[in-house]
Amino acid sequence: MSAPRQTWPETFAARYRAAGYWRGETFPALLRRQAATRPDAIAIVDGARRWTYGELHRRAEAHAAGFLALGLAPGERVLVQLGNVAEFFSVVFGLFRAGLLPVYALAAHRLAEVAHLARCSQAAAYVACEHYAGFDYRPLARALRAEAPALRHVVMVGGELIADADGFLPLDAVTGTGPLPDDPDPASVAFLQISGGSTGLPKLIPRTHDDYIYSFRASNEICGVTARTVYLAALPVAHNFPMSSPGHMGTLHAGGRVVLAPAPSPEVAFPLIAREKVTLTGLVPPLALLWMQAATTTAHDLSSLEVLQVGGAKFAPEAARRVRSTLGCALQQVFGMAEGLVNYTRLDDPDAVVIETQGRPISPDDEVLVVDDLGHPVPDGTPGHLLTRGPYTIRAYHDDRAANARSFTPDGFYRTGDIVRRLPGGNLEVQGRAGDHINRAGEKISAEEVEDHLLAYPAIFDAAVVAMPDPLLGERSCAFVIARTPGLKASEVKAFMRGRDIAPFKVPDQVVLVDAFATTAAGKVSRKELRARLRDMLIAREKETA
Ligand code: AMP
Ligand code: DBH
């Protein structure tokens, strides 16, 4: 495997530097600067724990030395699977300081995903919470060691101070005072983010110090993030949206305060907003609906909240219209992707733009193309495929030739897979997806990946997974299944999927057993066409019975 690299052609890199986007700042330098200029300001709030910038910096440096003392070498990858806990920050900034590259797994991932990420990144270590959100990660860690031979260390957050029988190290033991390397090259890859992906398992996204820091520094300007910002991380901290748009990283860059919510529900988040005087947060549309409903009867004071960002999936205009009257704050729509491009409606945009569009790009140098099926640009107002390249959009996935051939044009544009309309002011309206994935409350699920798991069930002959419109989730997943064994029940299929060690959100919401997949007189249909037909059939059937 080659070392993670991200390469913009030199002419582009020179342009991005000259324009002042890439400033040579690195993650270690970012935290060092804050620890020097505002050592006593609170950086992280996690329950009763409040870490200052000084403390976060000290912890990160101690972990950096600790990771190196384990024999990890700069450039190696470390799989990080942590929930919304303060240690996420001391660990990732510790890794940055040691020149190690975090690979971000979601806390919801299970063995199937984590083993895939560990193998693809050749991770040398794995860091997880011992328990988080009711899940015990120790059995997962044991199984992972068997599946990922390159893994040399397992570090547990919240574990006992003595290394246990498995040889897992408690994070508190991963500290040291040894020498630390020079800061990394700002043009080098800082970490690997993951994509939801429309085909197969998650892909690894190499992001550099230069490009990522630019994306959240510029986001701060657009979103009004300053040292007085109190950002509530309600979504999982490993997600790209709450990480960088502008998210917790943007907030730390500005010297603000990050408050961690252990769950995004109104019951958990509202008291935190009131107690910490939260000014900014970001949600996926289904959560925004829940918050708006709960706000009408809440006793908690939400008046500190200035802006609610909504993104990850399309926010319906009817819902967008109600944000201010129910939550008493401004709405900002965010349409982004872990591969790069992020669009925002601006805080001073007219209501029509904020309610009806998903905004426009961060950078004057974000190139946006909207093209037809043949790749020809379409006029403004006409739906087409969104292609993009720019100063913080990757040119390639990590070590994945096939995906790179599919996902990038020869001149370096990323094929987002989104169908959008570009409006005359430059704002984009997301119309849907060209690919076969399900956007379930902002979690992207690959139809192909779920079908592969279904086909592992001997009682199943064939399966097709489609996105169904859903009033709460936006989209839910529906698996059409042809049984090999007569009498197979939907509940049995779901139980089988729950036993597959996959993220729970990938278990199909609905299972429909069918006798056959219709083919046309012309013979075989493509998977894509088949999925579209099954979906239309079910929608029509549900309308009839409604
Ligand atoms: P990923 O590549 O896994 O980071 O997922 C990014 C994808 O999420 C985008 O390409 C869109 O399909 C979807 N997405 C993100 N934000 C929005 C939004 N505001 N409206 C509609 N779709 C969105
Ligand atoms: O869905 C996403 O991946 C996303 C949404 C909003 C994202 O990565 C982002 C903003 O940066």
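The values are calculated or read from the model by the stated rules, or taken from the named source; none is laboratory data. Every value quoted in this text rests on a predicted model; they were computed, and no experiment measured them. Backbone-built Cβ (ideal geometry, glycine too); neighbour counts: all protein chains shown. Surface areas here come from the heavy atoms of the whole protein model, side chains and all, with no ligands, DNA or RNA. Shrake-Rupley method; radii C 1.70, N 1.55, O 1.52, S 1.80 Å.
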Long-range HN-HN contacts of Val259 with modeled amide H, under 5 Å
Val45, Tyr231, Leu232, Ala233
In this structure, among Lys314/Lys444; Lys314/Lys494; Lys444/Lys506, pairs with alpha-carbon gaps over 20 Å are Lys314/Lys494
Spelling it out for Gly417: with amide H atoms placed in the peptide plane at 1.01 Å from N, the residues 5 or more places away or on another chain with amide H under 5 Å from its amide H are Leu386
Theoretical ellipticity at 222 nm over the chain - DSSP helices of four or more residues, -39500 (n - 2.57) apiece, nearest 500
-9500 deg cm²/dmol
At 1.4 Å probe size, with no ligands or nucleic acids counted, give the accessible surface of Arg15 in Å², nearest ten.
90 Å²
Could you give me the ³J(HN,Hα) list for segment 229-239, computed from phi with Karplus coefficients 6.51, -1.76, 1.60 and θ = phi - 60°, whole Hz, x at Gly and Pro?
6, 10, 9, 8, 7, 8, 6, x, 4, 7, 5
Which of the trypsin sites (Lys or Arg not before Pro) found in segment 84-154 are in a DSSP loop and have at most 16 neighbouring Cβ atoms, other than their own, within 10 Å?
Arg152
Computed lengthening from Leu513 to Thr7, 0.36 nm per intervening residue step minus Cα-Cα distance:
177.5 nm
Given a 1.4 Å probe and the protein chains all in place, what does the accessible area of Lys528 round to, in Å² to the nearest 10?
110 Å²
I want to check the label-to-label distance for Lys494 and Leu472. Put each point 7 Å from Cα in the C-beta direction and report it in nm to one decimal.
1.2 nm
Please give me the summed charge of the neighbours of Gly75: other residues whose Cβ is under 15 Å from its Cβ, Lys and Arg +1, Asp and Glu -1.
-1
Which whole-Hz ³J(HN,Hα) couplings does segment 166-178 yield from phi under the Karplus relation 6.51 cos²θ - 1.76 cosθ + 1.60, θ = phi - 60°, glycine and proline marked x?
6, x, 6, 9, x, 4, 4, 8, 8, 9, x, 10, x
With no solvent and one point on each alpha carbon, what is the Debye value of log10 I(q)/I(0) for segment 27-183 at q = 0.11, 0.12, 0.19 Å⁻¹?
-0.40, -0.48, -1.19
Counting only protein chains, not ligands or nucleic acids, how are Thr251, Thr296 ordered by accessible area (probe 1.4 Å), most first?
Thr296, Thr251
So what does Leu513 come to for accessible area, using a 1.4 Å probe and Å² rounded to 10?
70 Å²
Based on the Cα coordinates of the chain, what is the per residue volume of their convex hull in Å³?
165 Å³
Placed amide H near Ala330: partners under 5 Å, 5+ positions off or other chain:
Val307, Leu308
What are the membrane-span-like helices in the chain by this rule: whole DSSP H runs, Cα extent along the axis at least 20 Å, mean Kyte-Doolittle hydropathy at least -0.5?
53-69
Can you give me the C-alpha center-to-center distance between segment 467-546 and segment 34-92, rounded to a whole angstrom?
44 Å
Any idea what log10 I(q)/I(0) is at q = 0.16, 0.25, 0.27 Å⁻¹ for segment 356-396, Debye with uniform C-alpha scatterers and no solvent?
-0.47, -0.97, -1.03
